[in-house]
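The values are calculated or read from the model by the stated rules, or taken from the named source; none is laboratory data. Everything numeric in this text was worked out from a predicted model, so none of it was measured. So basically every Cβ, Gly included, is an ideal-geometry build from the backbone, and we count neighbours across all protein chains shown.
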Amino acid sequence: MRMLAKRKVSADSIAKSLGRYAGSVKTKARELNLILSRRLRGGEEMSATSYNMGPRWTPEEDGLLRSMAAAGESVAAITKPLKRSAGSVRKRARILKINLARSQPGPKPRWK
């Protein structure tokens, strides 16, 4: 299974070749920390690294995130120079174990 995962073969294809269910192949892949590709509607495969992910974080971006977080900048302020979403910044900070500044307490603005 590791060899097929390195070749970016989908769970469906692996399951068919091994005579197993796709769900059991996916479960075993998670246990082995393997990344499987995904099958698209037309039958072609998409690698898991490009599915539902933005560009990889660079060491320069990590450094900028660390320095801005240490300076007490808000997530909204950090997103602008990085050109990343707030969720992406929060997730990366959690991965790097960086504490981000919390928003000011108070009532939330009402949308009109």
Selection status of Lys97, under 30 Å from Asp12 (Cα atoms) and either at pLDDT 90 or above or not small (Gly, Ala, Ser) (or both): no
Matching option when the condition is at pLDDT 85 or above and surrounded by 12 or more Cβ atoms within 10 Å (Cβ to Cβ), among Ser37, Ser13, Ser24: Ser24
